[in-house]
Each structure stands twice: as structure tokens, then as C-alpha cells.
1. With the condition kept exactly as written, say whether any residue in the range 317-326 is modelled with pLDDT under 95 and over 22 Å from the mean Cα position of the chain (by Cα).
2. Does Leu349 satisfy the condition of being within 30 Å of Ala83 (Cβ to Cβ), touching a residue at least 60 places away in the same chain (Cβ under 8 Å), open to solvent by 50 Å² or more (accessible area, probe 1.4 Å) and assigned to a helix (DSSP H, G or I)?
3. Suppose we filter Arg206, Arg218, Arg202 for residues that are in a helix (DSSP H, G or I), among the basic types (Lys, Arg) and crowded, with 23+ Cβ neighbours inside 10 Å; which single one remains?
4. When the range 145-164 is examined, which residues are found to be open to solvent by 20 Å² or more (accessible area, probe 1.4 Å) and either touching a residue at least 60 places away in the same chain (Cβ under 8 Å) or under 15 Å from Ala230 (Cβ atoms) (or both)?
5. Out of all the residues in the range 66-85, is one or more touching a residue at least 40 places away in the same chain (Cβ under 8 Å), out of contact with any strand residue (DSSP E or B) (no Cβ under 8 Å at 6 or more places or on another chain), hydroxyl-bearing (Ser, Thr, Tyr) and open to solvent by less than 10 Å² (accessible area, probe 1.4 Å)?
6. Can you tell me which residue among Gly126, Gly56, Gly120 is without any contact (Cβ under 8 Å) to a residue 24 or more places away in the chain and over 21 Å from Thr175 (Cβ atoms)?
7. Being in a helix (DSSP H, G or I), open to solvent by less than 20 Å² (accessible area, probe 1.4 Å) and in contact with a strand residue (DSSP E or B) (Cβ under 7 Å, 6 or more places away or on another chain), is that true of even one residue in the range 225-242?
8. Restrict the check to the range 193-207 and report whether at least one residue is touching a Lys or Arg at 6+ places or on another chain (Cβ under 7 Å) and among the basic types (Lys, Arg).
Amino acid sequence: MDNPALPEVRRNDARPAGNPQHQGEPVALMLRHPSGTQHELLTLVNARLYEILISGGDFDDIGRHVLAAPGKRVRARLVLASAGLLAPAGSEPSRAALDLACAMEMLHESSLVHDDICDGSLLRRGATSVPAAFGVRIAARAGFHMAGAAVQVIAEVLADNPGMSACLGEVPGVTYSDGLSDLSFGQLIEMLPPAVDATALRRHYRLVAGAKTGTLFRLSCSYGGTAGGADHDRLRALMTYADELALAFQIMDDVRDVEGGPGLGKDAGGDLERRVPTWPVIEWLDMRAGAREMWLSADTPSTILQSDLIDSGATDAARAVALDATQKASAALDIFPPSPARDDLHALLQEVITR
């Protein structure tokens, strides 16, 4: 059933379905704007998000609150770049790619709302979090609303582009919307860490990062790549890129949570306070005599843990793991020809490791 709170997004811009054995043809409609710079592309994403989320419904105030602090739109960049990897030079993103980029951002915003509910976070990107501003009950409803709206947008894109829709599920190991449940799975298992053993904790961390962060990175690359006509081998390469990017992204997020800084947008040390075993913590537990006892003791303030983590070199060791992940992600892109889109995916890796 259509959601009356959402604008009509159906388009008549699809190619004929064609042979379903052929990996999806690029979608035909091209958006016209002055240039294809990243800033202008993300401006288009933000404008389209406003059209979808601010629709005269019950959640408009929350939509405006979320859009006022947009973040870096990493998932939108992944969709648009993945869709453009095989595009002719100078071409612009299709309406399908733009709407898919918006859908991934909406799923991400929905997950952040529920993360902030679970974590009791008061801040998000330097502003009041949605549950802190509107209350937990309304925030939970708004999060589900955004997720539902995102799924509707994806369904509209696939309905309008049957050639693309026919390709979904053809390639083992390529994630589409059937993998969305991994988001909640990741949130659940994050709160159920194993015993304080470095090997088990590393395995658990990779599982959580792959579910909580990697799911939307894989979805962004898979839908974008499929919209852009990527073949099976290239779609699998995009999954490798997404997984390694997700690991690096999450590790660097955790490093910043320990080290703090003006660009963090939330209070530093929150994961330490909740005793979440992030990658810097795992490195610290593995290298620092007496760390296990400090970690398990309720009498150890998070500020002491924070100082000891930094002094021990654990955050530097975590950075080295993140750097290795970005190098693996970069190598996965070698299957694609040189292009501005590939350059942007490489640039994203550099931004993650240096942020």
C-alpha cells in the first residue's frame, strides 16, 4: 500500500527489461545540472531528501531536525559513485541513482535514531539527538517511518526499472534489501560481547562492524553498481570495497571516540563509559599489562581508561588496522577503469583514514 505521507516518486524513465541474464543496463534518465562536482551532487541529494521527508505529515519537524545536520552523506556518495563507475565521461547521475542515494541516507538516519535510543545519546553531529529533542517514543516511531519511506523509494525505483530489478539476487554474496535485517542484528550482538579475550573480541568486532556499518555500505554499492550496469565480478569487487571501507570507517570512528576533538559532534568516551569493546580497546587489552582488570572494574573511571588507551599506543595500533583495510578496499577497485567516480571512491578511503 502506498504511504500517503510520501510524495509520488514513480518515474517513466526505465529502459526495456531486456535479457535478465545480462547484468543491469544503466538507467536512462539523466539529471541536468551545471556540473558533476561532488558538492553539487550532494546538494541534489539534500534537496531530494527534503522533497521526500517534508511532506506535510506528522514527522516533518523531525525530518527538518535531521536534515539540519546532514553529516557527510557517505552512503549517498557510495551509491552515486558506484553507479558512475562505468558511465561515459561527463555523464550525470540518473534519477534512479539519486533516489537510491536518498533511500540509503534515510535508512542510515533511521538507524542513527534507534542507535541514540539504545545508547541514551544526547548529541548527534553536534546537535541534540532526535530522542533527546522529541522523546524516545516519538523518535522510535519516526525511525520506523523513515525506514519504511526508504523501502518505498527503493520499491518505486525497481518498479520503474525492470531491467535493474531482474538482476537482483543473481550474484551470490551481493547484498540487497534482503540483508537489511543485519542492521538490527548488529545492534543486538554489539550489546552481547564475548569474554575479554582479544581473539574473540576481534572476531566479534568484525561481525558487528560488518552488520551495523557494512550493511548500508554494501547496499549502497550493490544498488548503485547495479543501476550503473556493473557485471557480476565488478559487483563482488564492490562488496569487498564496502566491507573493508566499513571496517576502516568503524575503527576510525572508535579512535575518534577515544581521542575526542572538535569535529566529533558528540561527547568523547561514550563507548568507554558503556564498556563497549571497540577496536582501540581490543588493542589496549592485548598490549597493556593489567588492562583487563582496569576494564572489568566498575571503579575505573572512563577518563582513566581514555588516558591509558592513548598513552599505550592502542589508538595508533587501531589506525594501522584501519589503514590496512583501506588498502584492501583500494585494490578491489582495480577492476574498474579510471574515472571520476573511481577517484571519488579512492578519495573516500583517504577521508576515512585521516578524519
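The values are calculated or read from the model by the stated rules, or taken from the named source; none is laboratory data. All figures in this text were calculated on a predicted structure; none of them were measured in a lab. Cβ: placed from backbone, ideal geometry, glycine included. Neighbour counts: every protein chain shown. Surface accessibility is based on the protein's heavy atoms, side chains included, excluding ligands, DNA and RNA. Shrake-Rupley method; radii C 1.70, N 1.55, O 1.52, S 1.80 Å.
1. Taking every residue of the range 317-326 in turn, none turns out to be modelled with pLDDT under 95 and over 22 Å from the mean Cα position of the chain (by Cα).
2. Answer is no for this residue.
3. Unique residue meeting the criteria: Arg218.
4. His145, Gly148, Gln152, Ala159, Pro162
5. yes
6. Gly120
7. For the range 225-242, residues in a helix (DSSP H, G or I), open to solvent by less than 20 Å² (accessible area, probe 1.4 Å) and in contact with a strand residue (DSSP E or B) (Cβ under 7 Å, 6 or more places away or on another chain): present.
8. No - not one qualifying residue is present in the range 193-207.
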